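Heads up, the thing below is written out as structure tokens.
The values are calculated or read from the model by the stated rules, or taken from the named source; none is laboratory data. Here the structure is a predicted model, which means the values were calculated and not measured. Using ideal geometry, Cβ is built from the backbone for each residue, glycine included, and neighbour counts are taken over all protein chains shown. Note: accessible area is taken over every heavy atom of the protein model, side chains too, but ligands, DNA and RNA are not part of it. Shrake-Rupley method; radii C 1.70, N 1.55, O 1.52, S 1.80 Å.
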Amino acid sequence: MKFRTIEISDPRFETLGLRHVTVKSLALNQRADITLYVPRVSFENEAIPIVILLHGVYGSHWAWAWKGGAHLTADRLIVENKIRPMILAMPSDGLWGDGSGYLKHEAKDFESWIVEEVPEIVRQVSSIHADSPVFIGGLSMGGYGALRLGAKYPGQFRGMSGLSSIVDFTDWQPFMEEEISMLPVPEKERNVLYYFLKNRNNLPPFRFDCGTADELIGSNRKLHKALVFENIPHEYKEFPGGHEWPYWEMGLGRSLLFFENILCSHPEVSELRKST
């Protein structure tokens, strides 16, 4: 995939493993931003896992790093040898209204931006193996995006994790100024359960959790019960906390450990090397 322009932050000024990228997106027909956490280890041409982290409403590409310290969590777990080096890709959702929902709109394809373009950009700017496994996670609206896109495009992701996720389309509206019912998404495809059922035989491992004081706990419990009824394997847990960054900081650690466990169950993934 060829992008007309890719602007990358100067390594001389990068700090704490954070790198910033602005790209002319083909799917959005505009510039879009990604913040990357790149482990400070040598990995050229290796199959370093890519973890795409989706932010919630009102946020942008910097939210996971500068409100949630995502890079610090990943760095700590790598240093403690609890996870292998992973690249965190934290893209903007495209900046439509209060939040794009990571959906296909009439003029802009926010789905393709996340599913197709973001992994390719990471590969191009990080010099990693073309077969590097890709995981996806997110919080709130980003949890909706992670679970929905992971279930809709199961062949693109090795695992997915949702934190305090919007799982019912109608639960998104209270956060929004825009009228989301006008979006060109078929009604049956709006909730994440639709794609879990449609692709039930091809789903990657997935988990989701929610705080017991979160206003979205009811919808998350409902999704969990539906998945249990349908015999769809998954991990669902509840923890103390609300719809807030302290909860998501802890949730990121749980998500990265979950992704590491998937890789440990399939060690051949991490042994890929680019032939020379």
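Annotations
- Semi-axis lengths (Å, descending) of the ellipsoid that matches the C-alpha gyration tensor of the chain: 27, 22, 18
- When both bridge partners sit in the chain, DSSP labels roughly 45% of those beta bridges antiparallel.
- Percent carbon-and-sulfur accessible area, the stretch 116-155, ignoring ligands, DNA and RNA, probe 1.4 Å: 40 percent
- Three semi-axes describe the equivalent ellipsoid of the stretch 1-143; taken as square roots of 5 times the Cα gyration tensor eigenvalues and ordered largest first, they are 23, 17, 14 Å.
- Flagged links, alpha-carbon separation over 32 Å, of LYS104/LYS222; LYS82/LYS152; LYS24/LYS67; LYS108/LYS237; LYS2/LYS225; LYS198/LYS237: LYS108/LYS237; LYS2/LYS225
- Computed accessible area, LYS24, all protein chains, 1.4 angstrom probe, square angstrom: 60 Å²
- Reciprocal mean inverse distance between Cα atoms of the stretch 145-276 - Kirkwood radius, Å: 16.0 Å
- Most to least accessible of MET86, MET182 (protein chains only, probe 1.4 Å): MET182, MET86
- For GLU7, neighbours were defined as the other residues whose beta-carbon sits under 12 Å from its Cβ, and their charges (Lys and Arg +1, Asp and Glu -1) total +2.
- Its DSSP H runs of at least 4 residues, each contributing -39,500 (n - 2.57), put the calculated 222 nm mean residue ellipticity of the chain at -8500 deg cm²/dmol, to the nearest 500.
- Loop GluC sites (Glu not before Pro), the stretch 95-133, which have at most 11 other Cβ atoms in a 10 Å radius of their Cβ (DSSP): GLU106
- For the set LYS225, LYS2, the ranking by accessible area, highest first and with no ligand, DNA or RNA atoms included, is LYS2, LYS225 under a 1.4 Å probe.
- 11 Å beta-carbon shell around THR22, net charge (K/R +1, D/E -1): 0
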